[in-house]
Each structure stands twice: as structure tokens, then as C-alpha cells.
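Trainee: Once you've had a glance at the structure underneath, I'll fire off some questions.
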Amino acid sequence: MELASKYDPRAIEEKWYQFWLDKKLFHSEPDNRVPYTIVIPPPNVTGVLHMGHMLNNTIQDVLVRRARMQGKNACWVPGTDHASIATEAKVVKMLAEKGIDKRSLSRDEFLKYAWEWKEQYGGIILKQLRKLGASCDWDRTAFTMDDVRYESVIRVFVDLYNKGLIYRGVRMVNWDPQALTAVSDEEVVYKESHGKLFYLRYYVADNETSSHQDSETARSLEVSKSQKYIVVATTRPETIMGDTAVCVHPEDERYQWLRGKKVIVPGVGRVVPIIMDEYVDREFGTGALKITPAHDINDYNLGMKYGLESIDIFNDNGTLNEHGGKYAGMDRFACRKAIMKDLEEAGLVEKTEDYTNKVGHSERTDAVIEPKLSAQWFLKMEGLAKKALEVVEDDTIRFHPAKFKNTYRHWLENIKDWCISRQLWWGHRIPAWYLDVNGRVETIVAHNEDEAKKIATEKYNYTGALRQDEDVLDTWFSSWLWPISLFDGIRNPDNPEINYYYPTADLITAPDIIFFWVARMIMAGEEYRKDVPFKNVYFTGIVRDKLGRKMSKQLGNSPDPIELMEKYGADGVRMGMLLTAPAGNDLPFDEAICEQGRNFSNKLWNALRLVSGWQIGDAQQSAENAVAVQWMEQRMAQVIEEIEKDFDQYRLSEALMASYKLAWDDFCSWYLEMVKPAYGTPIDRETYDATISIFSRLMLLLHPFMPFVTEEIWHALQTIGKDDEKAAFINANFSIMNQHMPTSVFYDQRMLDEFDTAREVIAGVRNIRNTRNLSPKEALEVSFIAVDDRYRFANFNGIVQKLANVSAINEVKEKPAGAISFMVGTMECFVPMPENVNKDEELKKLQDELKYAEGFLNSVLKKLSNEKFVGGAPAAVIEKERNKQRDAETKIAALKAQIAALS
RNA sequence: GGGAGUAUAGCUCAGCUGGUUCAGAGCGCCUGCCUUACAAGCAGGAGGUCACUGGUUCGAACCCUGUUACUCCCACCA
């Protein structure tokens, strides 16, 4: 059968993926083999594949495929994440486009829309992963909100609550007054904004009784201009209604006189204490800070520390509430203007400056974020963090690259309790119910409403309606259970699956979620399995564009992965990504590198074309071919050893590069050229079989990286020249996927060294041809003087003759007259060519070489004459230096002789 | 502001325990080739003061000091 000269991945990739699915080759069930488990970092259920996924999943697939071929029971579990914030935002937007306001819907109505959305768009990304060749066990596909996972989350919440690790508390959240929801820190974007810095006078209240006076009296005090005051700088004068203290640095000499005093909030008349705390930056403004505990996170912390009152002056929509006094009902920004006007008039403003600072805006609505106190659920971190840190510190879990240990440690040592509630509807609703008993609100945490009702009856003798908490859990509160919940290890902690597959082997993820996800999975693992969730964490880099910018939708600098795969083939794109992606390094993505991958597929394809065209003759194997096969075997064993080492250290790009060079350079450029029969002549059976075998094993080595082209070629090689057996072979489930990965074996280093010499001789001859414009068809002669057995290459004589088109190779004692020379180690090689020798050129070349050799010898001699070196360096090192000396001396003598002969 | 990291060829990176002729690889570039598998190819070649500075050592790309530049993470200044 004729093969096209260009490899076309499209049909081939589709064919084999379907084949693998049909034969259920990705499916895993517990058995006697060693398990190798990877759980996918679940992408957002409504997301689409981007370059980050491509990288991440390619790496997972490489590891899984390799493990499978190593005879392990490989199981890669796919799934998606409900991604509460992102998904809810998308649904809200979709509804808005239809003219539906989320606030007009009931929770159930909204969730119905959300589920519809999920059914429609959910899982697109998993389909896309198939194009990439991902060998996931699709039968196990999970979703963080499917029944098993939902129930697992609820159980864990109840369990942790009962253990006293979950509590409800008040915390400052980022409030979006437009969307009327709290948003996470990640959804706040800080923007430079030009505002003003207002300097306000806070008069000292001398009369101690003034703190109990009504505001009328206070206001009359305030107009008494004879009194002293302190000036406070603020960007947000509208919040002074919530001021409950003024803070200065305890060592600030300017304000020592205020120690223990009280001041009057301008325009408000409230008398508040002066407090002293080192938090204050003396350099900023006037070194005095007004404290508004309800509306600033730092003020809130100081308020807690000094037991200050917290006065919330805003409504949820950003207008002032009843605490705003005359400004009540006014928008916060309108209020800012109004209040400044009033203060100016009252003479309470010292000055106003232009000021640029960063103001948090909501990523979604662009509204200015208002810090707001609200009740939230928290998970205590202390005990969990301690264990999670230990297992990484003692290398029970290894990070690749290890530098991320530092980041991890730093975070865990400064960890705060985890706020696990979110004011959203899409997610796992918090299983807490409230009831009023004798005017008090009681909380019941239960697995479901029925259980809650039962508890209400038993504990409080209450049979009325229960009110469930409106919030849902942070998305990470389900993903942290992922390695356990995927195998139902929360609900059924002793089931055969969890016992077999857990702990998983490797986790492949991006470093930006080391805290959100990695650390928390480790905590959950320790808490619910008393064991780590994985043994290695491979941190991928971030995919950037050529200019080093992060890929993003806004910039439009992200190529569409599907289009890329159509252009270069999935194998080409996989290889392109892996070649530039050492662990933990950012990856400046350039389409050109996928081209390299495509070219490589094509190279392999053409090697198949070559081999499949060979006719087999009756001749005995020639000595040259026998040597070629032997050498290729040695070389392959050597590279396999390298590859194994690379994989052990998770250096995937190095492993791929080594395989690439083995296939392209050693196999195609050298080996195939060595054994390739002349046009029209057959090849001997022995060499042919060896070539098929080597080629096949090469495909095995490459298969984890380039699954499609290797399966195609491997199949072709097994059935080459046996068209009638092809169908049966395919039906028999034979796949490269379940072949055994070649392992390293002993190899003969001397043979490899000898070939290197031969290769240099070949290169030397080719170079002479090249520089002198000699046709490759014109056979040349080579002679050499070998003073050192290390540089003999007798076994490769025939090969040198074939590849360099040399008619004869002679060992000589003296340099032949009229020859061009070159050196390989200490061996002098000559190509007799009297008519072509340019004496001056030759002389210059030789003299340059001599100069270098002499310089080199000098440095070696210097070392060897240094007593401290001879005394201090290891014997092996000294021996090496002696060898260098001998080699250099030999070479210098040879060069001098040549120079003498020429001149 | 706190923490971590990086700096080697035009680009992206290796260089492991300081010691081979150590200054490497891939891509790119240059030259010559449509040589019966492959121009998505073949052969050959040029490219670097290992950021800078001082030190340790018989010996430094590698260890230490400082400087500079960049990157990332965390916190965020009224």
C-alpha cells in the first residue's frame, strides 16, 4: 500500500481515539497490579479548553500512559467543578440578556435555570480533552455537585461542625453594593483612582462628662474654637459617622499630649477616645488615623483589639442608613460631597490635597467595593494546617519543583481560618437550619431537613418551620475532598475502590492554587484518610504569549487549542507544549513550536514509509549491518536510562527531548542511513527484523508523548507486509497502549565511544567535501595515524565508507604527501588530495589548532605543578589531568609534525 | 510593605556532588544541496566576559558578600 509523503493526523487521531474507547483501554478496575492514580484538577463545568488545560492535561496523560505501559493499573479520573462564583455569574448574565433579573427569581427558579445551563454547556471541555488524546477513565466522570459528591460535602460539613472545627463568626467581606453580594478577594480588582485626601479637625473634648452629653451639647462644644484639635487625614469623610476612635502611634511625640484624651468627631459630635497603636504609620498624612471599625478591615481589627464600638452606617445598596443622621438615604458618594461642604462651612477642614490611591472595584459590576461586616461560616485551620505542613516538610509529599515548599510553608505558618460561606445560590447549600426559641435563634446543623426537624423536636421541643441558611459553601470546600470523594471514600470509607486507588500518585496543577486547593486536599486527606492524598505534586508553569503576557480572553492572545490541534495534530501540539515546559517554569507559547511537533510526526511517518518499502532478500547479514544494529541497541539502552532518570525527577521536557533526538538523530539520521539498502536492492532478513523491532520499541518510548502517531506506526510495523492479518490484528485488541515500556539494560560504552570516533571521521570527511565543493558522489580515501587505541574505529570501517562515500581506509605511520588533515581526539586523519590543498589555509588552520592545544597543555601543567592541587584533589581527578596532559602532548607533536611537513 | 525566585548563545532552557577538551541542547540564523523515506527534508557552519562586584578555593557558570534588573506570591496604607 502506498503511503502519502505527508503525515495527516486528522483521520488517524480520530480513528485511534475511538479504537481505544471501543476497546475500553482507559478503564480501570481494582486488581492485583500496583495502582497508579491521578485525579484531574476539575475544570469549570461550563468552561472551554484553554492553553493552560492543554499543558496540564498533556502532562497528566504522559504520566498515565507511561505508568500503564509499565504494567501499573493506571486510573485517571476525570470530572468537572461546579465553580459557584463563575458559573453563577454566567447564569446571571445569561438571564440578564433574556431580560430576567436574578432578584426577581426564587432560589429554586434560579437553580432550575442554572442546572439547565449546566446540562447544556457542561462537559464541553471533557469532550475537548478527548481530542487531545486524554486517556481518562470516562466511566468514572464525576461532578462536584453530583449526588455522591454533594452528599460527601454535606457529611464533611456536619462532621467538622460536630467536631467543633466549624463555627459561625462575623467578618469583614468585600461587599458589592450593586450586585448585593459579597465577593471573594480574588474578584476584587484594585484600580488607580484620583481622589482627594481630606484633612479634618477633631477637637479635644476637655470636659470628661461630654461623652455622656447629647449631641446638641457636643456640637456646642465643637464650635468653641479656642480648644485644641488634632488633624486627621482621610479619603472617605462620609464614613466619619461610623468613627469610634482616633488612633496615633504610641511613640509619636506630636501627640503625647493627647494620651488618654477624647476628641469630637467633626460634624457628628460623637466623643471618641484617642487610642495608641503601632499600626499607625507616622509618616502618612498627619500620623493620625480615624477608626471606623464597621467599614475598614484594619479599623475593624483595631476595633476588636481595643473593644471599640462598631457602627454600620451603610445600607446594602451603598446608601447611608439611619446612623447617617441628616445624610440618611443619600448615596455614599453624594454624601461625601455633602458632608465636606458642611464641614467646610463649619470650619472643620484644615486642607484638601489631591491624592491617588488604589480602590477596589468589583470585577463583575465595577462598583466600588464596600468593606462590610457580616456573619460567615469558618473552618478552624490550626490543627489541619499543622499536619498538612508536616507531610510536606518531611517529603511524604514531594513538590516538583521543590521551591514551592517555601511558598507552602509560609502560607501555612500564617494561616487564617477559612471562610467557607458564600452569598450565592449555585453550590452546596449550607446544611444549617435556624429556629426561634423563646426569642433566641438556635442553630441546627444536620445532614438534611428531616434530620434537622427531628433534632428541633428532640432538643427544643420545636415543631414549627425551620429556616435554612441562605448561603452556599465555597467551591474549594468540595474540591478539597476530590481525591477521596471520587472513590466515595467519605460516605463509604472502607470501600474497595478507595482502599485501592487512594492515595493517588501524582497531582498535576498550576502553582496559583497551591493554597486554595493543594494545601486543603492535604488537610482533608489527613483528616479523613489519615493519609496524604498524593505522593507528588507537579506544578506546571503558566502559559504565556510570546511577549510574556498571561493568556487571557481580554487580551485575545490565547490561541484556540482546538484550532491548533486541527492545524498541527494533537501529537504536534502536545509535543510543542512539553518541549518548552520544564516543571514550574512559565511557558512562553509560540505556535512555531507546535510546528516542530508536527514535523516530528512527519519524520516518523517517513521513516515508516522507508522501511515499508524495503524488499527482503536471501543474503546473509553484512558485517556493517550487524554493527549498525548492535550500535543502535546500545544507544537505545543508553537513552532509555536517561529517560528513566528524567521521569524519576519529573523532567518531562528533558525526557521528551532525549526521545526526540534518539528517534530523529540516532535512528533516522544515523541508523537508517547505515542499513538503508541501495536503490533497488533488498535488505537481509536479520537486519530487517531488527529494524522493525527497534522502530517498534521507539514508538513505545514515544507513545506517552505522542499517542496517536505512535499507535498508527506501531500497528503498521506489526502488520507490515501482512495485509491479510491486519484485520485480525486490530480485532485482537492489540494496542501500543498495553505493550510493555522498554526498560534500561546494560550497554557497551566502548562501542558507543567507538561510534563517536567514526562519526567524527565521517563529519570530517563531509566537511572537507562541503568546504571544497566536492560532489558527494566522488569517492575519497582516508588514512589515519592512531597513537592511541582509544580512537580506533575498525568496527565501523564499513559504515564510514558507506556514509562518507570513502573508498578505502588505511592506517599509516606517516602523513601522506598532499593531503588535507583533521584530528579526532589524538588521531590524525588525512584525505589525500594533492590538487586541492591550499597550503596557506592548511597552515593557518594547523597553527590555530596548535596554539589552542598549547594553551590547553599549559593550563593542565599549571594545575599539575601546583602542589596543593596534587595534594588536595582526589586521585581520579589528578589521573584525568595526567591523561589530558598526555593527549595534549601527543596532539601538539602531531600538529608540529604536520606544520613542518607543510612548510 | 513582607516573602520567594530568576539572570548562561538571537529565543526557550539544561548544566546534578565545585574537577573530563566545560561552556551544552532544541529552535532560529548562515552556507551548500529538490542525493529515490521525508525541503515539514539532508549535509556542514557561525554564535556566549555564564548580569555586575568582591570573596572562599589548588581550581568557580556552580559556594559566600554586596549591587543591578526582572518575575511570582501574599498583604495593602488611611
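Trainee: Output the number of the condition that A:Gly285 fails; it satisfies all remaining conditions of (1) touching a residue at least 60 places away in the same chain (Cβ under 8 Å); (2) near RNA strand B (Cβ under 9 Å from one of its atoms); (3) over 16 Å from A:Leu197 (Cα atoms).
Mentor: Only one criterion in (1) touching a residue at least 60 places away in the same chain (Cβ under 8 Å); (2) near RNA strand B (Cβ under 9 Å from one of its atoms); (3) over 16 Å from A:Leu197 (Cα atoms) is unmet by A:Gly285, namely (3).
Trainee: Ok, one more. Identify all residues within the range A:818-841 that are closer than 24 Å to A:Ala758 by Cβ and either more than 10 Å from RNA strand B (Cβ to nearest atom) or free of Cβ contacts under 8 Å to residues at least 40 places away in the same chain (or both); write none if there are none. First the steps, then the outcome.
Mentor: If we filter the range A:818-841 for residues that are closer than 24 Å to A:Ala758 by Cβ, which is where we start, we get A:819-833, A:836.
Of everything in the range A:818-841, those that are closer than 24 Å to A:Ala758 by Cβ and either more than 10 Å from RNA strand B (Cβ to nearest atom) or free of Cβ contacts under 8 Å to residues at least 40 places away in the same chain (or both) turn out to be A:Ala819, A:Ile820, A:Ser821, A:Val824, A:Met827, A:Glu828, A:Cys829, A:Phe830, A:Val831, A:Pro832, A:Met833, A:Asn836.
Trainee: State the number of residues belonging to the range A:1-43 that are over 20 Å from A:Gly79 (Cβ atoms) and outside any loop (DSSP other than H, G, I, E, B).
Mentor: 11
Trainee: State yes or no: is A:Thr286 touching a helix residue (DSSP H, G or I) at 6+ places or on another chain (Cβ under 6 Å) and of a type in the set (S, T, N, Q)?
Mentor: Values: touching a helix residue (DSSP H, G or I) at 6+ places or on another chain (Cβ under 6 Å): no; of a type in the set (S, T, N, Q): yes.
Criteria not met by A:Thr286.
Trainee: Just to be sure, is A:Asp159 free of Cβ contacts under 8 Å to residues at least 40 places away in the same chain, farther than 22 Å from A:Ala86 by Cβ and not in a strand (DSSP E or B)? Please lay out each step first, then the result.
Mentor: Values: free of Cβ contacts under 8 Å to residues at least 40 places away in the same chain: yes; farther than 22 Å from A:Ala86 by Cβ: yes; not in a strand (DSSP E or B): yes.
The answer is yes for A:Asp159.
Trainee: Tell me, which residue of the range A:312-334 that is within 16 Å of RNA strand B (Cβ to nearest atom), surrounded by 14 or more Cβ atoms within 10 Å (Cβ to Cβ) and of a type outside the set (D, E, K, R) is farthest from A:His249 (Cα to Cα)?
Mentor: A:Phe314
Trainee: For the range A:769-792, indicate whether the set of residues that are buried (at least 16 other Cβ atoms within 10 Å of the Cβ) and within 11 Å of RNA strand B (Cβ to nearest atom) is non-empty.
Mentor: So the first thing to find is which residues in the range A:769-792 are buried (at least 16 other Cβ atoms within 10 Å of the Cβ), and the list is A:769, A:774, A:780-787, A:791-792.
From what is left, the residues that are within 11 Å of RNA strand B (Cβ to nearest atom) are A:769, A:774.
Yes, that holds for at least one residue.
Trainee: Taking A:Tyr255 as meeting all but one of (1) more than 13 Å from RNA strand B (Cβ to nearest atom); (2) out of contact with any Lys or Arg (no Cβ under 7 Å at 6 or more places or on another chain); (3) more than 27 Å from A:Gly195 (Cα to Cα); (4) not hydrophobic (A, V, I, L, M, F, W, C), write down the number of the exception.
Mentor: For A:Tyr255, the failing item is (1).
Trainee: Among the listed residues A:Ile297, A:Ile291, identify the single one that is of a type in the set (A, V, I, L, M, F, W, C), under 24 Å from A:Lys196 (Cβ atoms), near RNA strand B (Cβ under 10 Å from one of its atoms) and surrounded by fewer than 18 Cβ atoms within 10 Å (Cβ to Cβ). First the steps, then the outcome.
Mentor: On the way: A:Ile291 fails: surrounded by fewer than 18 Cβ atoms within 10 Å (Cβ to Cβ).
So the residue among A:Ile297, A:Ile291 that is of a type in the set (A, V, I, L, M, F, W, C), under 24 Å from A:Lys196 (Cβ atoms), near RNA strand B (Cβ under 10 Å from one of its atoms) and surrounded by fewer than 18 Cβ atoms within 10 Å (Cβ to Cβ) is A:Ile297.
Trainee: Something else now. For A:Lys726, which of the numbered conditions (1) within 16 Å of RNA strand B (Cβ to nearest atom); (2) in a helix (DSSP H, G or I) fails to hold?
Mentor: Unmet condition: (1).
Trainee: Follow-up question, since we're still on this one. Taking the range A:842-863, which residues are surrounded by fewer than 17 Cβ atoms within 10 Å (Cβ to Cβ), aliphatic (A, V, I, L, M) and within 14 Å of RNA strand B (Cβ to nearest atom)?
Mentor: Residue satisfying the conditions is A:Leu861 alone.
Trainee: Give me the pairs: first residue in the range A:406-426 and within 11 Å of RNA strand B (Cβ to nearest atom), second residue in a loop (DSSP other than H, G, I, E, B), beta-carbon distance under 6 Å, and six or more apart or on different chains, which are they?
Mentor: What qualifies is A:Ile415/A:Met381.
Trainee: Taking the options A:His703, A:His715, name whichever one is away from RNA strand B (no atom under 15 Å from the Cβ), modelled with pLDDT of 95 or more and touching a helix residue (DSSP H, G or I) at 6+ places or on another chain (Cβ under 9 Å).
Mentor: Working: A:His715 fails: modelled with pLDDT of 95 or more.
It is A:His703.
Trainee: Kindly provide the set of residues from the range A:606-643 that are touching a Lys or Arg at 6+ places or on another chain (Cβ under 8 Å) and near RNA strand B (Cβ under 8 Å from one of its atoms), ordered by number.
Mentor: The answer is A:Leu610, and nothing else.
Trainee: Okay, next question. Could you tell me how many of the residues in the range A:314-358 are among the β-branched types (Val, Ile, Thr) and under 18 Å from A:Pro177 (Cα atoms)?
Mentor: As a first pass, look at the range A:314-358 and keep what is among the β-branched types (Val, Ile, Thr): A:319, A:339, A:349, A:352, A:356.
Still in the running and under 18 Å from A:Pro177 (Cα atoms): A:319.
Matching residues across the range A:314-358 total 1.
Trainee: Just give me the residues in the range A:485-533 being part of a helix (DSSP H, G or I), under 22 Å from A:Phe143 (Cβ atoms) and within 22 Å of the chain's Cα centre (by Cα), in sequence order. Break it down into steps so the answer makes sense when it comes.
Mentor: Initial filter on the range A:485-533 (part of a helix (DSSP H, G or I)): A:485, A:496-501, A:511-528.
Then keep just the ones that are under 22 Å from A:Phe143 (Cβ atoms); that gives A:485, A:497-498, A:501, A:513, A:516-518, A:520-521, A:524-525, A:528.
A:Ile513, A:Phe516, A:Trp517, A:Val518, A:Arg520, A:Met521, A:Ala524, A:Gly525 - these are the residues of the range A:485-533 that are part of a helix (DSSP H, G or I), under 22 Å from A:Phe143 (Cβ atoms) and within 22 Å of the chain's Cα centre (by Cα).
Trainee: Let me ask you something else. With respect to A:Phe796, determine if the residue is surrounded by 17 or more Cβ atoms within 10 Å (Cβ to Cβ) and in a strand (DSSP E or B). I'd like the intermediate steps shown before the answer.
Mentor: On the way: surrounded by 17 or more Cβ atoms within 10 Å (Cβ to Cβ): yes; in a strand (DSSP E or B): no.
So A:Phe796 fails the test.
Let's see how each residue does on (1) farther than 23 Å from A:Asp665 by Cα; (2) in contact with a Cys (Cβ under 8 Å, 6 or more places away or on another chain); (3) at pLDDT 95 or above:
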| residue | (1), (2), (3) |
| --- | --- |
| A:Ser552 | yes, no, no |
| A:Leu555 | yes, no, no |
| A:Pro561 | yes, no, no |
| A:Gly569 | no, no, yes |
| A:Gly576 | no, yes, no |
| A:Ala581 | no, no, no |
| A:Leu587 | yes, no, no |
| A:Glu591 | yes, no, no |
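Trainee: Give the residue, chosen from A:Asp571, A:Asp586, A:Asp590, that is within 11 Å of RNA strand B (Cβ to nearest atom), among the acidic types (Asp, Glu) and buried (at least 22 other Cβ atoms within 10 Å of the Cβ). First the steps, then the outcome.
Mentor: Working: A:Asp586 fails: buried (at least 22 other Cβ atoms within 10 Å of the Cβ); A:Asp590 fails: buried (at least 22 other Cβ atoms within 10 Å of the Cβ).
Sole residue among the options that is within 11 Å of RNA strand B (Cβ to nearest atom), among the acidic types (Asp, Glu) and buried (at least 22 other Cβ atoms within 10 Å of the Cβ): A:Asp571.
Trainee: For the range A:4-20, name all the residues that are in contact with a Lys or Arg (Cβ under 8 Å, 6 or more places away or on another chain) and exposed (fewer than 14 other Cβ atoms within 10 Å of the Cβ).
Mentor: Residue satisfying the conditions is A:Ser5 alone.
Trainee: Does A:Val183 fit the bill of being modelled with pLDDT under 80, crowded, with 19+ Cβ neighbours inside 10 Å and more than 10 Å from RNA strand B (Cβ to nearest atom)? Before the answer, list the steps.
Mentor: Values: modelled with pLDDT under 80: yes; crowded, with 19+ Cβ neighbours inside 10 Å: yes; more than 10 Å from RNA strand B (Cβ to nearest atom): yes.
Yes.
Trainee: Only residues in the range A:847-867 that are in contact (Cβ under 8 Å) with a residue 24 or more places away in the chain and more than 16 Å from A:Gln898 (Cα to Cα) count as the first member; pair them with residues that are among the aliphatic types (A, V, I, L, M) and more than 8 Å from RNA strand B (Cβ to nearest atom), Cβ under 8 angstrom, at least 6 apart or cross-chain, and list the lot.
Mentor: Between residues of the range A:847-867 that are in contact (Cβ under 8 Å) with a residue 24 or more places away in the chain and more than 16 Å from A:Gln898 (Cα to Cα) and residues that are among the aliphatic types (A, V, I, L, M) and more than 8 Å from RNA strand B (Cβ to nearest atom), the close pairs are A:Leu857/A:Ile892.
Trainee: Going by the conditions given, is A:Tyr650 within 8 Å of RNA strand B (Cβ to nearest atom) and either within 26 Å of A:Gln60 (Cβ to Cβ) or not hydrophobic (A, V, I, L, M, F, W, C) (or both)? It would help to see each step written out before you state the result.
Mentor: Working: within 8 Å of RNA strand B (Cβ to nearest atom): no; either within 26 Å of A:Gln60 (Cβ to Cβ) or not hydrophobic (A, V, I, L, M, F, W, C) (or both): yes.
For A:Tyr650, the condition - within 8 Å of RNA strand B (Cβ to nearest atom) and either within 26 Å of A:Gln60 (Cβ to Cβ) or not hydrophobic (A, V, I, L, M, F, W, C) (or both) - is not met.
Trainee: I'm told A:Lys880 meets every condition in (1) in a helix (DSSP H, G or I); (2) of a type outside the set (Phe, Trp, Tyr); (3) more than 7 Å from RNA strand B (Cβ to nearest atom) except one. Can you identify the failing condition by its number?
Mentor: (3)
Okay, residues lined up against (1) in a strand (DSSP E or B); (2) modelled with pLDDT under 90; (3) closer than 30 Å to A:Lys93 by Cα:
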| position | (1), (2), (3) |
| --- | --- |
| A:Lys326 | no, yes, no |
| A:Gly329 | no, no, yes |
| A:Phe333 | no, no, yes |
| A:Lys337 | no, no, no |
| A:Asp342 | no, no, no |
| A:Asp354 | yes, yes, no |
| A:Gly360 | yes, yes, yes |
| A:Leu373 | yes, yes, yes |
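Trainee: Among the helices (runs of 4 or more DSSP H) contained in the range A:379-479, which hold 2 or more residues that are among the β-branched types (Val, Ile, Thr) and more than 40 Å from the chain's Cα centre (by Cα)?
Mentor: Here the list reads A:449-460.
Trainee: May I ask you to say which residue of A:Ala875, A:Ala893 is more than 8 Å from RNA strand B (Cβ to nearest atom) and surrounded by fewer than 11 Cβ atoms within 10 Å (Cβ to Cβ)? Lay out the reasoning, then the answer.
Mentor: On the way: A:Ala893 fails: surrounded by fewer than 11 Cβ atoms within 10 Å (Cβ to Cβ).
One residue alone meets the criteria, A:Ala875.
The values are calculated or read from the model by the stated rules, or taken from the named source; none is laboratory data. Keep in mind the model is a prediction, meaning the values are calculated, not measured. So basically every Cβ, Gly included, is an ideal-geometry build from the backbone, and we count neighbours across all protein chains shown.
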